[in-house]
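Have a look at the structure below, then the notes.
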Amino acid sequence: MRILALSTWFPFPPDNGSKARAYNLLSRLGEKHTLDLIALSQSGRDAEHLGEVQRFCRRVEVFPEPRFHPKDVRSWLGFFSPVPRYFRAHHCPEMEALSMQWAQEENYDAALAVTLGAAPCAAKLNVRFKVLDQHNVESQVIKRRWQNERSLRRRLRYAPTWMKAERFERAVARKFDAVMVVSEPELHMMEHLLGNGHRAKIHVIPNGVDSSFLEYRAPAREHRVLVFTGALAYQPNYDAAVRLCRRILPAVRSEFPDARLRITGRLDGVDIEGLMRIAGVEFTGYVEDIRPVVASASALVVPLRYGGGTRLKILEAMALGTPVVSTPVGAEGLQAQDGVHILIAESDAALAEQISRVLADTGLAARIAQNAHALVQKRYRWDAIAAEFECILVAHEEGTAGTCTGVK
């Protein structure tokens with residue numbers, strides 16, 4: 001197949017969930033098919049990694065990502081547009097123009113939109129078969145934030161926001177021949193969103209881990225060190241980190257005064273001054289290799305209240321042999337059983353209690369970690385996941401959809 005991929009993320013290095021998914025799917029797709037890529041760049045350093053992407057792409061073009069400034073004119077105009085202002089502000093005319101040009105020059109078999117942000121551009125292309133890879137059901141992420149808001153002012157603000165996002169997402173996704181989501185719950189969300197007649201084109205392609213995590217030799221585990229990973233510029237992560245620092249960690253430290261919390265991830269534009277003053281909290285900033293940080297921790301804690309997608313941070317911790325304590329939302333979509341592969345709790349007090357169990361009971365921690373590692377080994381390897389992704393693309397393009405057997 002000849003495929004044109006449009007991505008709102010430059011896929012290397014694969015150091016966050018969206019980039020890791022894009023890299024692992026695109027790199028394996030490019031091994032067997034002719035793949036051209038137009039991507040947006042979030043960093044000036046992305047140009048340093050162009051060669052890594054050219055290994056699996058015939059042609060690569062990268063444009064700077066338009067920045068979203070809530071107070072600029074384009075953002076304000078978004079209030080009067082059917083397109084949510086975040087997506088309107090991130091629209092890249094250069095990407096659209098070049099994709100149109102390439103689609104006219106090449107007889108592509110398929111166009112692939114990597115994330116909803118690239119979908120409006122891909123939907124306009126004169127290509128026979130169009131695929132949308134949804135990292136999250138974006139409107140439902142916004143809806144969950146609205147549901148979790150206690151402030152009446154913010155609830156009134158987010159209600160029309162998620163309603164507009166839902167209309168936009170429905171209209172765009174319906175233009176694609178196949179839509180990939182990352183979990184069964186999100187399949188049902190998308191099925192409900194798109195309505196009758198669209199179920200056959202929705203497929204679950206979960207996130208995964210590669211062998212570098214499953215085969216990593218863990219360093220010595222540090223004593224009573226908890227870890228939270230993820231860029232705090234992403235609002236669901238920031239909300240979870242605040243909750244963990246201010247309410248959950250103090251409760252854990254009342255039983256284990258030497259317990260510490262290590263938070264990794266980019267901090268650009270994030271105010272953490274108040275959190276830094278909390279006893280036992282440490283911010284590392286961006287870490288190039290997350291494996292030693294997670295593998296040496298006593299537990300990964302994921303107190304998410306809202307968000308979407310399959311939690312790569314959880315899968316990576318499981319692959320590294322680190323026990324995970326999470327909310328139901330944090331672990332949503334994973335085939336992990338509470339008390340077998342993971343410990344799940346909802347309230348602050350219950351999360352603190354589960355963390356304390358892991359810190360106090362080394363046998364429990366080892367059993368949870370061993371079961372989780374076996375689950376990831378069986379179900380969440382990128383090689384098998386990417387093969388299913390390719391199978392669905394080829395089957396849809398050839399008109400034989402339904403012949404793929406699913407990830408084993």
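Derivation of every value follows stated rules applied to the coordinates shown; laboratory data play no part. Predicted, not measured: the structure shown is a model, and the values here were computed from it. Because the Cβ atoms are built from the backbone with ideal geometry, glycine has one as well, and the counts that use them run over all protein chains shown.
Each residue of the stretch 144-160 is assigned a 3J(HN,Hα), and the resulting list reads 5, 5, 4, 5, 8, 6, 9, 6, 4, 4, 6, 5, 5, 6, 7, 4, x Hz, derived from the Karplus form 6.51 cos²θ - 1.76 cosθ + 1.60 (θ = phi - 60°), x at Gly and Pro.
Remark: the stretch 44-59, residue by residue, has Karplus-estimated 3J(HN,Hα) of x, 7, 4, 4, 5, 9, 4, x, 5, 7, 5, 5, 10, 10, 5, 10 Hz, where x stands for each Gly or Pro and the curve is 6.51 cos²θ - 1.76 cosθ + 1.60 at θ = phi - 60°. With helices as the sole contributors, the chain gives -13000 deg cm²/dmol at 222 nm; each DSSP H run of n ≥ 4 counts as -39500 (n - 2.57), and the sum is divided by every residue. Could you work out how far helix 382-398 tilts from the main Cα principal axis of the chain, as a 0 to 90 degree angle to the nearest 10? Tilt relative to the chain: about 20 degrees. P(r) tail for the chain: Cα pairs beyond 42 Å make up 12% of the total. Applying the Karplus relation 6.51 cos²θ - 1.76 cosθ + 1.60 with θ = phi - 60° to the stretch 215-223 yields 3J(HN,Hα) values of 9, 5, 8, 6, x, 4, 6, 6, 7 Hz, where x marks Gly and Pro. Direction-averaged projected area, Cα convex hull, the stretch 102-185: 6.1 nm², rounded to one decimal.
How many angstrom lie between the C-alpha centres of the stretch 317-358 and the stretch 235-301? The stretch 317-358 and the stretch 235-301 have Cα centres separated by 16 Å. With the convex hull drawn over the C-alpha atoms of the stretch 211-379, the volume per residue is 100 Å³.
Per-residue packing, averaged as other Cβ atoms within 10 Å, sorts the ranges 290-300, 214-224, 36-46 into the order 290-300, 36-46, 214-224, beginning with the highest. Report note on the peptides 134-145, 85-96, 154-165: ranked by the mean count of other C-beta atoms within 10 Å, highest first, their order is 134-145, 85-96, 154-165. With both residues required to sit in the stretch 170-316, DSSP beta bridges show an antiparallel share near 0%. Total lysine pairs in the chain at Cα distances under 13 Å, for residues eight or more apart or on different chains: 7.
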